[in-house]
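Please treat every number below as a calculation from the coordinates, not as lab data. Note that the coordinates shown come from a computational prediction; the quantities given were computed from them, not determined experimentally. FYI the Cβ positions are ideal-geometry reconstructions off the backbone, even for glycines, and counts take in every protein chain you see.
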Amino acid sequence: MVSQDVMKQKQSALSMKKLFPDVEEIYFSKSGGHTNGAGNWYIGADIKIADEWHGVGAATDGIGYTDETFPERKIHIANQEISETQIVKVVYSDGSMEIL
């Protein structure tokens, strides 16, 4: 059975795939949670774009923050069509892996 946290990580990964059409991999190293026990669910993730890894703060509907090396040109690419052939490797915090 898939945990609620992994289901939210998958929602977050699908949102990042839509926002950043050239994302290659997404890695969730630990479980997400709510800030101060309330509010939106967030999780730290590492994403690979153009063979470079970047730290991001992700929610189920996209990105909340990025590290200082994140390519600004990638931010706010809204409403992009997701290519049926776009392959994104996702590693969840429980160690499971999926290709989206």
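Taking 0.36 nm per residue of separation and subtracting the Cα-Cα distance, full extension of the segment from residue 1 to residue 34 would add 9.7 nm.
When peptides 20-27, 52-59 are sorted by average Cβ neighbour count within 10 Å, with the highest value leading, the order is 20-27, 52-59.
What is the sum of charges around residue 97, taking Lys and Arg as +1, Asp and Glu as -1, for the other residues whose C-beta is under 12 Å from the C-beta of residue 97? Numbers along the way, then the final one.
Values: positive: 10, 89; negative: 25, 94, 98.
Result for the neighbourhood of residue 97: -1.
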